[in-house]
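Rule-based calculations on the coordinates, nothing more; no lab input. Note that the coordinates shown come from a computational prediction; the quantities given were computed from them, not determined experimentally. When we count neighbours, we look across all protein chains shown, and the Cβ atoms used for this are built from the backbone with ideal geometry, even at glycine.
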Ligand code: CP3
């Protein structure tokens, strides 16, 4: 495999010196890009796009052709694991993800097994292998998974939810059942991420999108503990390089101190967290990723640049910052505004690394 030409992202995650702050964007391959919409239309449905390695590779590379990004993320979804467990994932236009089968009883949980990474999820590994070849060392490729808690939310609720009524009833009424579901998910995610490393993922991200709906104590027991279990089961060295892990709990800003203790290399911050204070709170333990409000991209380029400067100044001097949005980019953003963001991060960050 070819040498990595730009390792700014990996270096920042390990707090090694960099020339500029690296930047990538959550959901950087997506509907805001006309070229994505074109491939998506050709693929038919979203899962066909994910499960056809040539198409998944193509849309992974699209944002790199337009923007000077410092990382790529394999095009896939967090819901591939529950789908591989037999729940029947499909997407209903305007409503998001849905499962044919949901998990509600002890028998349902008992029927779940750890999927086979090559037989059931081989399409993800094929997409990673192909993308590593095609990307030719331009930037690192990130692999990812949902956290056990976040996957369980979709599996128990059957799709997106406003109130998390079903999964919270399960958590409070039958905590042992909740734990056995999370446990099979943690084993699956560990195997999934290790398979992604073996296939060529050079960094990993755990998306804990719904950890923030829990109380502090329940967050520790039902989300954080399982992410810790996963991280301790990862093969963190591959071909002589460390594979850094970023943990992102949306709404987790008040728990950064405990998140910094689970063995992750970096924490993702949403935009409600003060990044200057976050850096003080976690000290040297972890790097930080984030955290511009995705809606800033609706503003004009000049205003975007001002916001970039504010965040860079708040993080301050030295390595350990990966610039990103505080959550995924919205489908109605003008791609030219992303160009403005990426250029501003690179231009304005040089002085913090001299
Ligand atoms: O970041 C990237 O570019 C990589 C691709 C990626 C997708 N989903 C592609 C996608 C990643 C990292 C994800 C993660 C994901 N998927 C999360 C965690 C991150 C987060 O946003 O909090 C979650 C919760 C999901 C579940 C999911 N998948 C939702 C809620 C949706 C949106 C449904 C909708 O219609 O808005 C999806 C579908 C999805 N995953 C899309 C993309 C580009 C849009 C589907 C389309 O093209 O129609």
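Observations
- By the Stokes-Einstein formula, at 1.002 mPa s and 20 °C, the range 10-76 with its Kirkwood radius over alpha-carbon pairs has D equal to 165 µm²/s.
- Ellipticity at 222 nm from helices only: DSSP H runs of n ≥ 4 in the chain, each -39500 (n - 2.57), divided by the residue count, give -13000 deg cm²/dmol.
- Global geometry of the range 286-331, whether rounded, prolate or oblate, following the gyration tensor of its Cα atoms and the 1.5 cut on a/c: oblate
- Distance between the pseudo-spin-label points of residue 310 and residue 272 (7 Å out from Cα toward the beta carbon): 1.8 nm.
- Enclosing the Cα atoms of the range 126-178 in their convex hull gives a volume equal to 121 cubic angstrom per residue.
- Anisotropy class of the range 154-279 from Cα gyration tensor, a/c 1.5 cut: oblate
- Over the C-alpha atoms of the range 246-320, the Rg to Rh ratio, Rh being the Kirkwood estimate, stands at 0.99.
- Convex hull volume of the range 21-158 per residue (C-alpha atoms, cubic angstrom): 118 Å³
- Potential extension, residue 35-residue 90 segment - 0.36 nm per residue separation minus Cα distance: 17.5 nm
- Kirkwood-type hydrodynamic radius, the chain: 20.4 Å, calculated from all non-identical alpha-carbon pairs.
- Spin-label model, residue 68 to residue 16: label points 7 Å out along the Cα-to-beta-carbon direction sit 2.2 nm apart.
- Ordered by the count of other Cβ atoms within 10 Å of each Cβ, fewest first, 11, 66 give 66, 11.
- Within the range 112-151: backbone nitrogen closer than 15 Å to the residue 5 label point (7 Å, Cα to C-beta): 132-141
- Ranking of 231, 128 by count of other Cβ atoms within 10 Å, fewest first: 231, 128
- Every Cα-Cα pair in the range 206-354 was counted, and those over 24 Å apart are 36% of them.
- All-pairs Cα distance distribution in the range 67-144, expressed in whole percent, bin size 5 Å: 3, 13, 19, 18, 16, 14, 10, 5, 3, 1
- Pairwise alpha-carbon distances in the range 76-225 exceed 19 Å for 53% of all pairs.
- Averaging Cα coordinates gives a centre for the range 123-201 and one for the range 39-70; these two points are 20 Å apart.
- Residue 164/residue 118 FRET efficiency (R0 30 Å; Cβ-Cβ; nearest 0.05): 0.35
- You can think of it this way: the chain between residue 300 and residue 220 has 24.8 nm of extra reach, that is 0.36 nm per residue less the Cα-Cα gap.
- Cα centroid separation - the range 22-38 against the range 221-243, whole Å: 27 Å
- 197, 81 arranged by Cβ crowding within 10 Å, fewest neighbours leading: 197, 81
- One decimal place: the segment residue 172-residue 46 gains 41.9 nm when fully extended, by the rule 0.36 nm per residue minus the C-alpha distance.
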